[in-house]
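The values are calculated or read from the model by the stated rules, or taken from the named source; none is laboratory data. Everything numeric here is computed off the predicted structure, so don't read it as measured data. Cβ sites come from the backbone with ideal geometry, for glycine too, and all protein chains shown count toward neighbours. Ligands, DNA and RNA are stripped out before the accessible areas are found, and what is left, the full protein with its side chains, is counted by its heavy atoms. Shrake-Rupley method; radii C 1.70, N 1.55, O 1.52, S 1.80 Å.
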Amino acid sequence: MSRGYRVALLGNGIKPSLSPALHMAEARRLGLDYEYRTVDLSGRRAVDLGAELRRLEDAGFDAANVTHPFKQAVLGHVAELSPVVRRLGSANLVLLGDGRRTAHNTDVTGFRAALEGFLGDRGSGDRGSGDRRSGGTVLQIGAGGAGLATASALLDLGFDPVVVHDVAPAAVEAMVDRFSGALRGSGGSLDVWLPRADGVVHVTPVGMAEHPGVAFDVDRLRQGAWVAEVVYRPLETELLRRARARGLPTLDGGGMAVGQAAESLRLITGLEPDTDRMHAHFDQLVTEG
């Protein structure tokens, strides 16, 4: 009889999340008895994350994915931090049980795997389009929570320089400090860096269904520059549409979404998910949703 797993997602406004369907479908394909529940904490005056985690442990849950706005606060309620979490100060997965809680960040590994597959020649598993390039200057637009994960992945992949731009200069400064100066701030000017960039990673809410538009002028990019997106609703944002119209290689936000889910499954179960199969299911869920 297969081992059973119980997993929860803690966060605000998470009822539309694709994570439950994505996790459970792949777990079933792996022969597992796997339950994934959402615990929407919206509307509460105060949230006691320690109490929420204890409740899950008492109910026999094996893990909890954690999303906005608790990725940093949850660190005060765990016993161990993975090296990536120590680097970022942010987690999106807590493994429960055995009297200890261990925090992980699968956003980093998820984005890194997606970008590696895009920039390399990974055949049918590739989520990108067009010729792939690696190395050189990368401009990251967005210095929020998700930007910590993408910036970490970019540094791990050896891009130099990695330049960060945000409409909030203080956020850029905080991110540069977090990574001990390994990142470079844009100085507030996109016009200087867009024509120099070999690739651009977009990590802001602009382009989501509720925040339409684009965060920068795609026409400022040089021919051959690639564009990576983390927004996945819609899967084809206006940014990607404009980039593809110019013939630029693009990576949609599904790559990171599936990558982090696959890495979470791997850490929770010890089994190897089929990421190609998960991508296909993700596309189906987005289409149907």
Could you check, for segment 245-267, whether at least one of its residues is touching a residue at least 12 places away in the same chain (Cβ under 8 Å), of a type in the set (D, E, K, R) and more than 29 Å from ALA25 (Cβ to Cβ)? yes
Residues that are in a helix (DSSP H, G or I), open to solvent by 40 Å² or more (accessible area, probe 1.4 Å) and touching a residue at least 24 places away in the same chain (Cβ under 8 Å), drawn from segment 22-67: ARG29, GLU57
Count, please, the residues in segment 76-103 that happen to be in contact (Cβ under 8 Å) with a residue 12 or more places away in the chain and within 16 Å of ALA149 (Cα to Cα). 12
Among the residues of segment 183-199, is there at least one that is assigned to a loop (DSSP other than H, G, I, E, B) and within 30 Å of VAL286 (Cβ to Cβ)? yes
Give all pairs with beta carbons closer than 8 Å in which a residue from segment 269-289 that is free of Cβ contacts under 8 Å to residues at least 40 places away in the same chain meets a residue that is in a helix (DSSP H, G or I) and not hydrophobic (A, V, I, L, M, F, W, C); count only pairs at least 6 apart in sequence or on separate chains. GLU272/ARG266
Could you list all residues from segment 251-274 that are surrounded by fewer than 24 Cβ atoms within 10 Å (Cβ to Cβ) and among the hydroxyl-bearing types (Ser, Thr, Tyr)? THR269
Filter segment 68-85 for residues that are farther than 14 Å from THR102 by Cβ and in a loop (DSSP other than H, G, I, E, B) and give the result. HIS68, PRO69, PHE70, LYS71, GLN72
Take ASP191 and tell me if it is modelled with pLDDT under 95 and either touching a Lys or Arg at 6+ places or on another chain (Cβ under 6 Å) or farther than 29 Å from THR67 by Cα (or both). yes
With the first residue restricted to segment 135-148 and required to be closer than 23 Å to GLY120 by Cα and open to solvent by less than 10 Å² (accessible area, probe 1.4 Å), and the second required to be among the aliphatic types (A, V, I, L, M) and part of a helix (DSSP H, G or I), Cβ contacts under 7 Å at 6 or more apart or on different chains are VAL138/LEU154; LEU139/LEU194; GLN140/ALA151; GLN140/LEU154; GLY147/MET175
Scope segment 163-204; condition free of Cβ contacts under 8 Å to residues at least 40 places away in the same chain and among the β-branched types (Val, Ile, Thr); matching residues: VAL163, VAL164, VAL167, VAL172, VAL176, VAL192
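Would you pick out the residues in segment 131-171 that are farther than 20 Å from VAL227 by Cα and in a helix (DSSP H, G or I)? Talk me through it step by step, then tell me what you get.
Pass one, segment 131-171, residues farther than 20 Å from VAL227 by Cα: 168-171.
Hits for segment 131-171 are PRO169, ALA170, ALA171.
Name the residue that is least open to solvent (accessible area, probe 1.4 Å), counting only residues in segment 86-104 that are of a type in the set (Lys, Arg) and in a loop (DSSP other than H, G, I, E, B). Full working, then the answer.
If we filter segment 86-104 for residues that are of a type in the set (Lys, Arg), which is where we start, we get 86-87, 100-101.
Filter again for in a loop (DSSP other than H, G, I, E, B), leaving 100-101.
Working: ARG100: 115, ARG101: 37 Å².
In this case the residue turns out to be ARG101.
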Residue hits (segment 210-230; under 22 Å from PHE159 (Cα atoms), open to solvent by 10 Å² or more (accessible area, probe 1.4 Å) and among the β-branched types (Val, Ile, Thr)) are VAL230
For GLY207, only one of the following conditions fails: (1) in contact (Cβ under 8 Å) with a residue 60 or more places away in the chain; (2) crowded, with 23+ Cβ neighbours inside 10 Å; (3) small (Gly, Ala, Ser). What is its number? (1)
Quick test of your reading of the structure: GLY145 fulfils all but one of (1) modelled with pLDDT of 95 or more; (2) within 20 Å of GLN260 (Cβ to Cβ). Name the failing condition by number. (1)
